[in-house]
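Let me begin by presenting the structure, written as structure tokens, before commenting on it.
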């Protein structure tokens with residue numbers, strides 16, 4: 001029996017070793033030497049149906065296209081086997097020997113990792129000639145500001161746009177495209193084209209990003225240029241992937257880096273003349289309302305009172321006015337805001353909600369609120385005032 005048990009265990013152990021040995025997970029690259037301005041195709045292939053694939057961090061690369069997953073069968077050594085492949089199109093950020101680190105995947109509870117790959121990135125090569133060069137020359141990356149002479153605390157909107165008459169293949173973030181400004185919004189326009197007029201000619205633009213910010217100090221301030229990579233696909237005659245000669249198809253990819261112009265801002269101080277005593281840094285055009293949930297409430301029950309400031313301007317920065325009443329204590333409010341950027345305007349609402357629970361019958365008063373703001377369009381301060389509101393507390 002001991003001998004038989006030994007053979008059974010030996011056979012089971014040997015079969016397990018063969019099963020593990022049959023699993024492979026490898027990283028491959030089409031070329032290990034690639035010019036800086038050329039795409040790099042990196043693939044991670046497993047001969048089993050693994051799961052929980054984790055790609056490398058790609059620290060020195062830009063991912064040009066989303067991952068492509070393919071599954072199929074291949075004949076290896078006369079045997080049919082599964083192949084599961086994750087493929088990436090990359091662009092190198094710099095020259096030199098760059099490392100593609102290990103990817104990982106799970107199969108039957110075991111984690112498999114690929115070996116790191118070294119890719120040598122050479123200097124860029126000239127890929128733009130003739131018509132393609134003319135097309136790329138007529139593409140522009142610009143920055144437009146809603147104002148270059150803002151007041152301190154006034155919100156400024158920057159729109160980064162690509163001006164083009166040519167369909168774009170892709171827009172890629174450059175390593176230098178890092179916002180130094182707060183409150184950045186990515187419009188995610190998915191290459192949606194808008195009609196415009198640029199330098200007297202009808203053309204189109206594509207939004208890339210929109211940034212909203214305010215200066216906190218007076219004086220001349222500058223914003224450096226921003227950069228992106230733009231790719232276009234041009235027509236070329238030849239034999240396509242189906243082997244049909246003379247067919248026109250889009251197969252020639254060109255990439256170039258574009259930079260916006262830098263901008264200089266002259267930031268002005270707010271006027272000191274006629275500045276209201278209780279000015280709370282509101283710049284724009286606003287309205288204020290007090291909204292109690294009811295004008296009558298039972299003793300011991302809750303009553304919500306909303307103080308709502310709405311309009312257009314620096315809603316992110318303005319301070320909300322405090323609510324006062326004839327009650328002994330005013331609770332701390334809950335704050336809410338709904339702010340959006342619509343057609344180069346910052347619009348929305350900020351709301352403070354106070355919850356009262358009266359403990360005595362009678363009447364109490366919500367005092368009027370004065371709210372002051374500076375309107376940069378007319379360059380004047382304005383003060384608006386709410387009405388007094390009486391609340392009745394009953395048994």
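Residue 262 - would you say it is under 30 Å from residue 141 (Cα atoms), at pLDDT below 95 and exposed (fewer than 12 other Cβ atoms within 10 Å of the Cβ)?
Considered against the rule, which asks whether it is under 30 Å from residue 141 (Cα atoms), at pLDDT below 95 and exposed (fewer than 12 other Cβ atoms within 10 Å of the Cβ), residue 262 comes out as yes.
Can you say whether residue 243 is at positive phi, modelled with pLDDT under 90 and loosely packed, with under 13 Cβ neighbours inside 10 Å, as far as the supplied structure shows?
Yes; evaluated as a whole, the condition is true for this residue.
Take the stretch 288-308 and flag every residue that is within 37 Å of the chain's Cα centre (by Cα) and under 14 Å from residue 368 (Cα atoms).
288, 289, 290, 291, 305, 306, 307, 308, listed by residue number.
Suppose we filter 349, 330, 324, 361 for residues that are touching a residue at least 24 places away in the same chain (Cβ under 8 Å), closer than 26 Å to residue 295 by Cα, in contact with a strand residue (DSSP E or B) (Cβ under 6 Å, 6 or more places away or on another chain) and surrounded by 12 or more Cβ atoms within 10 Å (Cβ to Cβ); which single one remains?
Just a single option satisfies the conditions, and that option is 349.
Within the stretch 42-55, work out how many residues are surrounded by 15 or more Cβ atoms within 10 Å (Cβ to Cβ) and in contact with a strand residue (DSSP E or B) (Cβ under 6 Å, 6 or more places away or on another chain).
9
Could you name every one of the strands (runs of 3 or more DSSP E) located completely within the stretch 271-375 that has at least 2 residues being under 30 Å from residue 207 (Cβ atoms)?
284-292, 303-313, 334-342, 345-356, 370-375
Within the stretch 80-89, is even one residue at pLDDT below 65 and part of a strand (DSSP E or B)?
Yes; the residues of the stretch 80-89 include at least one that is at pLDDT below 65 and part of a strand (DSSP E or B).
Taking the stated definitions as given, is residue 172 buried (at least 16 other Cβ atoms within 10 Å of the Cβ), at pLDDT 90 or above and farther than 23 Å from residue 341 by Cα?
When the stated conditions are applied, residue 172 does not pass them.
Out of the residues in the stretch 64-74 that are closer than 26 Å to residue 38 by Cβ and touching a strand residue (DSSP E or B) at 6+ places or on another chain (Cβ under 6 Å), which is modelled with the lowest pLDDT?
65
The values are calculated or read from the model by the stated rules, or taken from the named source; none is laboratory data. Model, not experiment: these values are computed from the prediction. Note: ideal-geometry Cβ built from the backbone for every residue, glycine included; neighbour counts use all protein chains shown.
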